[in-house]
Protein chains: 2
Amino acid sequence: MLEQFKVKDVDAIFVQEAPLRETVTAIFKKMGVSDSDAALGADVLVTADMRGVDTHGVSNMLRGYVAGYTSGSLNPRPNWRIIRETPATANIDSDTGLGIMVVPKAMEIAIEKARNVGVGMVTIRNARHLGMASYHAMMALEHDMIGTCMTSCPPSVLPTWGAEPRLGTNPIAVAAPADQEPAFVFDAATSTVAGNKLGLARRLENNLLPGWVADVDGVPIMEEAAPPAPGYEGPATSFLLPLGSTRELGSHKGYGMGMIVDVLGGILSGGGYGMNPGRPNFGHYVAAYSIEAFMDVNEFKRTMDDMLKNLRTTPPAKGHDRVLYPGLPEAESEVERGQKGVPFHSEVIDWFKDICGELSLPYDLS
Amino acid sequence: MLEQFKVKDVDAIFVQEAPLRETVTAIFKKMGVSDSDAALGADVLVTADMRGVDTHGVSNMLRGYVAGYTSGSLNPRPNWRIIRETPATANIDSDTGLGIMVVPKAMEIAIEKARNVGVGMVTIRNARHLGMASYHAMMALEHDMIGTCMTSCPPSVLPTWGAEPRLGTNPIAVAAPADQEPAFVFDAATSTVAGNKLGLARRLENNLLPGWVADVDGVPIMEEAAPPAPGYEGPATSFLLPLGSTRELGSHKGYGMGMIVDVLGGILSGGGYGMNPGRPNFGHYVAAYSIEAFMDVNEFKRTMDDMLKNLRTTPPAKGHDRVLYPGLPEAESEVERGQKGVPFHSEVIDWFKDICGELSLPYDLS
C-alpha cells in the first residue's frame, strides 16, 4: 500500500495481535457465528492487519460485517453445500455465509483435490465478502502448492471508454512458496486502486492520485483530486478506472483482467457476473495446484528463491532505495507489527469501545 | 491494437488468407518441419493476422522463425515428450520445438484431462516462441471449456522501482465461450505494451506513448518519445515498464502479474524463470477448465452473452463512440479481413518475394 495511505505512526494507537484476535472473535460470536467460524474470521482479518493490508483488515471491514449480520444480509450459520463436483472441481452454494469463513473451506476442498489429481478448482456462488483474497491463496503454501483466489465484486469500475461502472474491482491473488525467501504473494484489484482505498483516502483526508478515477463523463482524471468529504452520501462524483487508467497506458488490460475474474468467480460459479440483476454481492473462485504434480518440490522452491532474490536485488531506479516483490513488504510488516502491534486510527478505537459496550463485551485493546 | 500501430490501408498491399496460408506452410516445410506441423504453424500465424493481431502475425514473426531454423536454435522435428503426469496435469519437454506447433499439442492434452477430471493444466519447458497466446486458449472454446495460456519470456521489463529489466513481457490469455456474442478472448502482455509493439513502432516510425518505457536510470518517461531509428543496434536507450507504468498508477500490479507468469509458465515447467541463467527462450503454461464440471453449459453461455452485451452497450465516455470487450474487435477483424485480405507493408511483401526466391518457392501473394 502507498505510504500516504498508512495511518501515521504518530497518530496511531498500537493494538497487540492477541487481544485484537480475541475481541474480533468475541464480536463474531455475538453475531451468532459458531466458535470455530468466529476464530477463522478473526484470523482472516487480523492476518490482513499483521501483513499491513489495512484496506482489508479489522479497521476497514469489521463494522461492515457487523452491519451485515445485524441487517440479516449475512447468514451467521450458513448451510453451505457442494452443488456439483468432479475429481478436480467443485461448485459451492455458500448460502450467504460470510466469505471469510466459507472460502477457507472451499480452499481446503481445492487442496484435497489437488493432492488427489494435481489440481483443485472451486467456485462459490450466493456468496459474501471474502476479506483479503491472498489469505485463501496462501492456504496452499504449507501444502507445497500454488494457491489462487479471485472474487467477482459489485460494479464500481468503468470499462475502457465507458462512462458507467460495469465491473467490480475484482481482485486476483496468487501465492507460491519459496524456500528461504518470504513467499511470493500477489493480491491486487484489477482496478487502478482497490475500492477500499477510496474509503481510506476519505478517512485519512488524502487526495486521490492521477489516473485513479474518471469524472462522471468517463474521462480519466489525470491530476490529483480531493476525495468526497467524510460522510458525503450524494451521487457519485467519480468512478474507478481499470488498471492502466487510459487506453494508451493499457487500461483495456486491467478491464480484461477484471472480466476474467467475473467469468471465473462470477459466471462459472453459477451466480452471474457483477452487473447481473439480482445477483448477491459476490462470487468467488479458488484453486490449488500441486507442485509435485509438475516437478520436484525442492527444485521449485530453490528456483523461487533464486527468482525472488534476483528481483529484490535489482539495481534500484533513480530516487529509490530498493526493489520489492509482492509478499516481501507484507512479510516484513508481520515481523514489525508482531513487535509493535497494529496501528489504528483513534476513530477505530472509539468504534471498538462503542461496539464492545453495545454487545456487553469487555474492552481491552488499548 | 492502437490504431496508430496498424499499417495504414492506403499504404497496404492486401493479401488473401488462402494463398498466405499456403505460402507460410510451404516455407515451414522448407525449414524441415513435417506437413502437419507446417500447416499448424501457418494456422497460428495467419489466425493472428486475420484477427488483426499484427504484432503476432506473419509479418512480425515469420522471419524470426526462419532465422531460428536456419541457425539451428529451433528444432524442426522435436521429440517432445511428457516428463511427469497426473490425472489433471502434465509437464512437457518440448525439445526446442517451435511453440506454435508444440503448444497446441499440450493444449489438446489439457482439454482431454479437463474432459476426464474437470481441469487440465500443462507446463512446457525447453520451449520456443508460441505466437499469439490466445490461439492456444481459444482451442478450448469448441469443447465448451475455458482456455488459458501464459508464456514466460526473456527479460525486457523493469520491476517497479528497478533500473534493469528482469522480467519478460509475459502475456496472459484467457478465452471463454458465449452463445450469440463473439467469445471473450483476452490476450495481453503484462507490460504496458507488448515488446513486438516497439518493433512495429520502429518499422512504422511511430512515437512511443507516455508511460510505455523508462529511461536507462529506470525513471518512467511520461511524455511521447521517438523510438530508436530503424536498424539501430546499439545499447538499449529505454526499457519497457510493467502495466501501470508508475507505482502510483499501479505498476506493482503489472509487475506482480508478470511474476505470476514466470512462476506458472517458467518455474513450474521446470525450465526456470525469465532471468534464469542458461534457460532456453521460453516456458509455457496452458490450461482448460470444463464448464460442465461446474454448471450447465447453456446457462453459462447465455450468461456470458448477457455480460458481453452489457459491456459493449455501456454508455461511451465523452469523445468515444462505443465500448468494446476483448475478443470483439478481433472477431470484427476476422470478418473484415476475410473480405479484404490482410494488409501488409510493402517491406513485408519484398521479404516474401526474397524468401520465396531463396527457397525456390512460387510467389503468388500479390
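Throughout, read-outs are computed from the coordinates displayed, never taken from laboratory work. The structure presented is a predicted model; accordingly, all values stated were derived computationally and were not measured. FYI the Cβ positions are ideal-geometry reconstructions off the backbone, even for glycines, and counts take in every protein chain you see.
Okay, here's what the table says:
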item	result
At most 14 other Cβ within 10 Å, DSSP loop - chymotrypsin sites (Phe, Trp or Tyr not before Pro), the range A:212-270	A:Tyr232
Length released on extending from A:Ala331 to A:Glu358, taking residue separation times 0.36 nm less the Cα-Cα span	6.2 nm
Cross-link reach list, lysines versus A:Lys318, counting only Cα pairs under 18 Å and skipping chain neighbours closer than eight places	none
When each of A:Lys253/B:Lys29; B:Lys29/B:Lys340; A:Lys301/B:Lys29; B:Lys30/B:Lys340 is checked by Cα-Cα distance, pairs over 32 Å	A:Lys253/B:Lys29; A:Lys301/B:Lys29
Convex hull volume per residue for the range A:24-71, taking Cα atoms only, in Å³	54 Å³
Which of A:Val46, B:Val174 has the fewest Cβ neighbours within 10 Å, and the rest in rising order	A:Val46, B:Val174
Chain B - mean residue ellipticity at 222 nm from DSSP helices (-39,500 (n - 2.57) per run, n ≥ 4, rounded to 500)	-11500 deg cm²/dmol
Using a Förster distance of 41 Å, the FRET efficiency for A:Val216-B:Ser36 (Cβ separation, nearest 0.05)	0.15
Debye equation applied to the C-alpha atoms of the range A:238-366, log10 I(q)/I(0) at 0.10, 0.15, 0.19 Å⁻¹	-0.75, -1.24, -1.11
Ranking of A:Tyr325, A:Tyr285 by count of other Cβ atoms within 10 Å, fewest first	A:Tyr325, A:Tyr285
For A:Phe14, residues with placed amide H under 5 Å, excluding near neighbours	A:Phe344
Per-residue Cβ neighbour rank within 10 angstrom, fewest leading, B:His284, A:His129	A:His129, B:His284
All-pairs alpha carbon distance profile, the protein assembly as shown, 20 Å steps from 0, percent	18, 53, 25, 3, 0
For chain A: relative contact order, % (alpha-carbon pairs under 8 angstrom, 6 or more apart)	22 percent
Per-pair calculated FRET efficiency, R0 = 35 Å: A:Asp305 and A:Ala225 via Cβ, rounded to 0.05	0.25
Principal semi-axes in Å for the range B:26-161 [√(5λ), Cα gyration tensor, largest first]	24, 18, 17
Along principal axes, Cα extents of the range B:270-323, largest first, whole Å	50, 40, 10
³J(HN,Hα), Karplus 6.51/-1.76/1.60, whole Hz, each residue of the range A:333-346, x for Gly, Pro	5, 4, 5, 5, 6, x, 8, 8, x, 9, x, 10, 5, 4
Semi-axis lengths, Å, the range A:292-366, gyration tensor of Cα atoms, sqrt of 5 times eigenvalues	41, 21, 9
Spatial separation of Cα centroids for the range A:57-87 and the range B:133-147, in angstrom	34 Å
Alpha-carbon gyration tensor eigenvalues x 5, square-rooted, for chain B, Å	28, 26, 24
B:Ser346 versus B:Ser366: modelled label distance in nm, points set 7 Å from Cα along the beta carbon direction	0.8 nm
Relative contact order [Cα under 8 Å, 6+ residues apart], the range B:50-146, whole percent	25 percent
Spatially proximal lysines relative to A:Lys113 (Cα-Cα < 21 Å; intrachain offsets below 8 disregarded)	A:Lys105, B:Lys113
Enclosed volume per residue, in Å³, of the convex hull spanned by Cα atoms of the range B:145-265	120 Å³
Amide proton proximity set for B:Asn276, modelled H, under 5 Å, gap of 5+	none
Charge tally in the Cβ shell below 12 Å around B:Leu45, where Lys, Arg are +1 and Asp, Glu are -1, B:Leu45 excluded	-1
Relative counts (whole %) of C-alpha pair distances in the range B:188-232, using bins that are 10 Å wide	28, 56, 16
Cut-off under 5 Å, modelled amide H: who pairs with A:Leu167 long-range	A:Ser156, A:Val157
Table column - 3J(HN,Hα) (Hz), the range A:150-163, Karplus curve with 6.51, -1.76, 1.60, x for Gly and Pro	9, 9, 7, 9, x, x, 8, 10, 6, x, 3, 6, x, 10
Fraction of alpha-carbon pairs over 18 Å apart in the range A:244-302 - percent	57 percent
Label point distance in nm, A:Glu205-A:Ala26, each placed 7 Å from Cα along Cα→Cβ	3.3 nm
Derived scalar couplings ³J(HN,Hα) [the range A:93-107; Karplus, 6.51 cos²θ - 1.76 cosθ + 1.60; whole Hz; x for Gly, Pro]	9, 8, 6, 6, x, 5, x, 4, 9, 7, 5, x, 5, 4, 5
